[in-house]
Structure formats: C-alpha cells, structure tokens
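These notes concern the structure reproduced below.
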Amino acid sequence: MTDTTTQLAILSDALVKIIELGPLAAEGKAASADLLIRAGDIAAQALTAAATYGQLPPFAEPLEP
C-alpha cells in the first residue's frame, strides 16, 4: 500500500463514519449540533492521521486573486 493509498483509505473510512451519523438525526436519536461536532471531530482526526503519511493533496484549486 502506498502512502497515497493509505491516505485515501483513512479519509474514505472517515467519510463513511460521517455519513452513518445522518440517520441518527433523522430518527431523533441525537441533536443535529452534537452530530455536527462529532462529524468535525472525525474529519479532524482523519486529516491528522492521513497527514502522518505525507503531504495531503490539495482539496480544491486555489482561487485566483
């Protein structure tokens, strides 16, 4: 597994975890604000973990000044 593949696997797993939070709000099992905080925590942990394997690729093209 290459570093890039590992990074993508980490970020993909995090995205799945974030998506799985959706039904909790729809079913009223958790407050939307709590789920938003949890999703942010998952994303931050995933980005930190992925960054340990090297520089992350740009997520979007930079805007022209």
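The values are calculated or read from the model by the stated rules, or taken from the named source; none is laboratory data. Note that the coordinates shown come from a computational prediction; the quantities given were computed from them, not determined experimentally. Every residue, glycine among them, receives a Cβ derived from its backbone with ideal geometry; neighbour counts consider all protein chains shown. When the accessible area is computed, the model is the full protein with side chains, heavy atoms only, and any ligands, DNA or RNA have been set aside. Shrake-Rupley method; radii C 1.70, N 1.55, O 1.52, S 1.80 Å.
Computed values, structure above
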| quantity | calculated |
| --- | --- |
| Complete set of residues in the range 31-40 that are closer than 14 Å to Leu15 by Cβ and of a type outside the set (Gly, Ala, Ser) | Arg38 |
| Complete set of residues in the range 41-57 that are surrounded by 12 or more Cβ atoms within 10 Å (Cβ to Cβ) and in a loop (DSSP other than H, G, I, E, B) | Tyr53, Gly54, Leu56 |
| Answer residue from the range 1-31, given it is of a type in the set (Ser, Thr, Tyr), over 12 Å from the mean Cα position of the chain (by Cα) and within 17 Å of Pro58 (Cα to Cα) and is least open to solvent (accessible area, probe 1.4 Å) among those | Thr6 |
